[in-house]
1. Could you give the length gained by full extension between Lys580 and Ala285, i.e. 0.36 nm per residue of separation minus their alpha carbon distance, to one decimal place?
2. Sort the following peptides by mean Cβ neighbour count (other Cβ atoms within 10 Å, averaged over residues), highest first: 514-523, 363-372, 751-760, 722-731.
3. Just need the relative contact order of the chain here, percent rounded to a whole number, with Cα pairs under 8 Å and 6+ apart.
4. Rounded to the nearest 10 Å², what accessible area does Asp735 show when all protein chains are kept and the probe is 1.4 Å?
5. By the scheme Lys and Arg +1, Asp and Glu -1, what is the net charge of all other residues having a beta-carbon under 9 Å from that of Thr758?
6. I'd like to compare 324-330, 439-445: which one has the highest average count of other Cβ atoms within 10 Å, and what's the full order after that?
7. If the only charges are +1 at each Lys and Arg Cβ and -1 at each Asp and Glu Cβ, what is the size of the charge dipole of the chain around the Cα centre, to the nearest 20 debye?
8. Starting at 0 and stepping by 10 Å, how many percent of the alpha carbon pairs of region 630-749 end up in each bin?
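The values are calculated or read from the model by the stated rules, or taken from the named source; none is laboratory data. Quick caveat, the model's predicted, so the values are computed rather than measured. Note: ideal-geometry Cβ built from the backbone for every residue, glycine included; neighbour counts use all protein chains shown. These area figures cover heavy atoms from the full protein model, side chains too; ligands, DNA and RNA do not enter into them. Shrake-Rupley method; radii C 1.70, N 1.55, O 1.52, S 1.80 Å.
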Amino acid sequence: MKIAYSWLCEYLENPPAADELIAKMNRIGLKVEGTEKTGPQFTGVVAAKILAIEQHPNADKLHIVTVDHGSGTQKLVCGAQNIAVGQTVPLARLGAKLPGGTLKKAKIRGVESEGMLCSCSELGVPGDPSGILMLPSETPLGTDVLTLYPKGELVMEVEILPNQGHVLSHYALARELSIFYGYKLKEPKGLEPGNAGSAGLKVQIHAADLCRRYVAIAMRNARNAITPDWMAERLSAIGVNPKGNVLVDGSNYVMFELGQPLHCFDADCLKDGTDGKEINVRRAAAGEKFIALDKQEYGLSQEMLVIADSEKPAAIAGVMGGLNSAVSEKTENIIIEAACFDQASVRRTSKALSLKSDSSYRFERGTDPEMAMRAALRFAALIKQAAPSAEITALIDSYAQPYKAKAVKVSAASLNRILGTQVSNETVYECLHAFQPDLPQGNGEWLFMPPSFRPDMLKNCDIAEELARFIGYDAIPSESNMPMIKSAIAPDYAVAANLRYCFAVLGFNEIYNHGFLSAKEAEACGVKPEDCLQVINPLSSDLQYLRPSLVAGALRTFAFNMNHDRDHAHIFEIGTVYRKDGTEEMRCCGLVYGAPNESSWAMKVPASSFYALKGALASFLGRKPGFRYEKPQKAPSYYEQGLCLEMKVGRDSLGFMGQLSASACKIMDVKESNVYYFELSIPVLAAMWKKEFWQEVHKMKPVSAFPSSWRDLSFTIDEKHEWAAIEKAFGGVKDLAKVKLTDVFKGKNVPAGQRSLTVRFVFSSMEKTLTDEEISSRLKGVLEKLERKFGAKLRE
């Protein structure tokens, strides 16, 4: 928010200098992010009259100009072509400070120049920069040119946090400085209403839950209310474009002055009711249309609050006025509105219509109900100053539920306990008294009544925050006497950190995606949109559902990289998925495609394949007790059928890995095929997590001192038997150390419906070196078991 220094100081007696003021604001949490000086930034420039122009002896395009600056004459060199004898021009004398630097004596082509005639660009003022600036001929010679322009203003850019709606004006900031630093606050003057009654004006509030207070002031003879220069200059300084009509500019001025949004209706554009002009504060009718001041038509709903005459809406409450009742230079009779609308209602309406304004910004953060009447009368006073014939004809204040503070029991001991300080009772009272001037002196305990502009001070913790600002955050000791709870690493966090490390070592890059999906992306996750957890008020249709799986985000990132000339991807993500019943689960996913073009001399990166991904996962999960791959009973639909494995630990399913289906890739606009993916459940891994390091260390098994021996066995077997079942049959074979499937073959010399498997058996004994006869005997027992269980036959 832009704050003009002189405007702010208008409400403080004996205000501090700008630098001191900025330091004081920063100290109480009102951060000044920057400052700028408006208006011309030059000195030493006076009005002068050109007496003579001579040709420069050494340059065709330069002239020697003689000027009179009121206290004498002088000569200078000038190259402008638009000068003539008798013109009044700005003369920068030696030592003048211009935006481009300080002017010094110079010799130009052998002729000394004792000054410079200035253009608009050289002075930093608006105008045609192509030639010397011409001043009005009646300007007295020697006049400081700076006085011909509006006075410069120091403007501060103040960061206003979402919970600081009570300081959204110049007066409110002055009030804050008054509270925390004891400056005497000066009140802006409003117009006395006199004996104005309510004749000819009627206000009805049909939605009291959305409108706490509504002030309406009717005025007549407000035509030709021209915005005064001082008001226009202040509005311009803070970035508001003045319109020249005080009926518009005045409402903006009061809003930035007092923080109360106002609106001005052209009373002659409102339809009369039974008792004259009628204002109805009501909910909009379903499908009701409204044309706002931005000339756009909006469709309204029954949840929205409108200000209507006897027939149709004239404004969207707290957001924007209507084009059909807007004031203009021809407006003569007006109705001023100052109200206190429900914060949530204004925010919902503004968001639903995608319509923002300075008014909605303030109403969304909460306005002071006690300020409405003061602001309306202040606006009326400004109109009266601009149009002396203007007068109030009616005034209505509909305030069914006046502000009543909720008492808060406060004690110095509780505030000190919260802050970890030892602030005296006197200092605590001084802070509370600054907010509540009528607070009785207590003995360390008080019944505090929050003011209307700070309804957020509901608890001792809220008041402790204000006390911290009052004494200064630097007064709070850096050490704490509060008992500290011993930190502990959560299993989920530890497992996630371990996964990040392991996949980084394997050459994967971590990605981060938001947790929202569109309906199309939900289908890529293998679920119907209606089976996903839906967001009640999504920002867009692309963010309508919460993700039930991480696969859509991984594919979205993969597609983005492929569209930017990448030829491979090894990525992983750790994030939360959401179920329809409202429960959540943290998961880890990974996606592999292709291989880097250049591989390190120290490590060869294998090409992407089903087995490469399986091996990568085994490097991390293979040491987990009971870990294994199984054929899934029911795999997620985004996997290619027959190219998916379920990862299990004991009886628990850890997740799935395999090749993504073409349909899932197509939904996510992925053109590549052979994309491999996995998704793990972190809670399942967390259940196996060991708190102590030594518990994670695997127990070593003794290694045989005798050499091992291996034999390959090729046999045919029916295709219906899966390798997982076959592998189990090798259990219990004496001295069998390792089994590895080395070849699968179907074709010539293999009966139809069967396949040939070649399996390598590694035998090792802890007691001796096995003989060929012993190995052959054990291998014969393996073949007999295969024949008995699966009907396998040794391949000839």
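1. Details: separation 295, 0.36 × 295 = 106.20 nm, distance 3.43 nm.
Roughly 102.8 nm would be gained on extension.
2. On the way: 514-523: 19.0, 363-372: 22.3, 751-760: 14.8, 722-731: 13.0.
My ranking of the peptides, most packed first, is 363-372, 514-523, 751-760, 722-731.
3. Numbers: 1500 pairs, mean separation 65.8, N = 796.
Once divided by the residue count of the chain, the mean separation gives 8 percent.
4. 40 Å²
5. Around Thr758, the charge tally is 0.
6. Values: 324-330: 17.0, 439-445: 12.3.
The most tightly packed comes first, giving 324-330, 439-445.
7. Working: 93 positive and 94 negative charges, 648 e Å.
In total the dipole reaches around 3120 debye.
8. Histogramming region 630-749 at 10 Å steps yields 9, 24, 30, 27, 9, 1 percent.
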